[in-house]
């Protein structure tokens, strides 16, 4: 399983694999017809309330990741779909966030990388 993250404003590359936009809102400055993506999964984005609270403040990053993980725990169908896609080949999670290290796409990738571990721990 290989999951990458990338800004949607970056050039699409052949080795991106399946390109999935994980923003809740369509990115500014990107025409829908010009966006090279395979899926738009709005439900994989943080809630509007969490996004507003976070405000892309790196000091809030650890708490943001914790809160976002709690939201993702309540979306098993979204996680199952992403895991299925990742199991079929490389996926690239796309976001418009400027901060490449502290975006929700990075938090989502980290969450997905630990799903099997979490599943074993709960016995599901």
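Please specify each residue of segment 15-60 satisfying the condition of being within 19 Å of residue 73 (Cβ to Cβ) and assigned to a loop (DSSP other than H, G, I, E, B).
First, pick out the residues of segment 15-60 that are within 19 Å of residue 73 (Cβ to Cβ): 22, 24, 41-51, 53-54.
Result: 22, 24, 41, 45, 46, 47.
Which members of segment 1-14 meet the condition of being assigned to a loop (DSSP other than H, G, I, E, B) and under 13 Å from residue 94 (Cα atoms)?
Correct list: 8, 9, 10, 11, 12, 13.
In this structure, does residue 43 turn out to be touching a helix residue (DSSP H, G or I) at 6+ places or on another chain (Cβ under 9 Å), at pLDDT 95 or above and farther than 14 Å from residue 5 by Cβ?
yes
When you check residue 79 against the structure, is it under 20 Å from residue 9 (Cα atoms) and either buried (at least 17 other Cβ atoms within 10 Å of the Cβ) or modelled with pLDDT of 95 or more (or both), yes or no?
So residue 79 fails the test.
Residues 89, 17, 55: which one is loosely packed, with under 14 Cβ neighbours inside 10 Å and in contact (Cβ under 8 Å) with a residue 24 or more places away in the chain?
Working: 17 fails: loosely packed, with under 14 Cβ neighbours inside 10 Å; 55 fails: in contact (Cβ under 8 Å) with a residue 24 or more places away in the chain.
So the residue among 89, 17, 55 that is loosely packed, with under 14 Cβ neighbours inside 10 Å and in contact (Cβ under 8 Å) with a residue 24 or more places away in the chain is 89.
Answer yes if at least one residue in segment 28-43 is free of Cβ contacts under 8 Å to residues at least 40 places away in the same chain, surrounded by fewer than 17 Cβ atoms within 10 Å (Cβ to Cβ) and more than 25 Å from residue 14 (Cβ to Cβ), and no otherwise.
Checked against the condition, which is being free of Cβ contacts under 8 Å to residues at least 40 places away in the same chain, surrounded by fewer than 17 Cβ atoms within 10 Å (Cβ to Cβ) and more than 25 Å from residue 14 (Cβ to Cβ), segment 28-43 yields at least one hit.
Condition first: exposed (fewer than 13 other Cβ atoms within 10 Å of the Cβ) and either at pLDDT 95 or above or touching a strand residue (DSSP E or B) at 6+ places or on another chain (Cβ under 8 Å) (or both). Now tell me which residues in segment 96-112 satisfy that.
98, the sole residue that qualifies.
The values are calculated or read from the model by the stated rules, or taken from the named source; none is laboratory data. As the structure is a computational prediction, the values presented were derived from the model and not from experiment. Cβ sites come from the backbone with ideal geometry, for glycine too, and all protein chains shown count toward neighbours.
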